[in-house]
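In what follows, a structure is listed as structure tokens, so that the remarks can point back to it.
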Amino acid sequence: MDNKPAQNIQDTFLNTVRKDKTPITIYLVSGVKLTGKIRSFDKYSVLLENNSQEQLIFKHAISTVVSSRSVLHGEHRPVGAVGHTVGQGALVGAASVSDL
């Protein structure tokens, strides 16, 4: 039995776009659209960098996170799913998928 804890979809997605420096768009529940690259993230927040400006975004304020390219593959992408949940009610992609 493997004692290594499984990494969740949220952490896998955010870590992949962070390492690859993939540009993303974050939509907040207020409707505000933010673009940039993930510099860092933790359980409660995401540090987004655009040009030389950094923005600390609390995950509870995130509605949707969109990447310009496919990020998750294999076991982390459910069959038939268009998007993936990232934060509290947050979604990666264009469909209303929620696993929280």
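Computed from the coordinates by the stated procedures, all read-outs in this text should not be read as laboratory data. Since the model is a prediction, treat every value here as computed from it, not as a measurement. A quick note on method: Cβ atoms are made from the backbone with ideal geometry, for glycine too, and the neighbour counts reach across all protein chains shown.
Brief remarks follow.
- Placing a pseudo-label 7 Å from each Cα along the Cα-to-Cβ vector at Ser30 and His60 gives an inter-label distance of 1.5 nm.
- For Phe41, the residues 5 or more places off, or on other chains, whose built amide H falls under 5 Å of its own are Leu47.
- Asp11-Asn50 FRET efficiency (beta carbon distance; Förster radius 22 Å; 0.05 resolution): 0.50
- Reachable lysines, given that their alpha-carbon falls under 25 Å from the alpha-carbon of Lys59 and they are not under 8 places away in the same chain: Lys19, Lys21, Lys33, Lys37, Lys43
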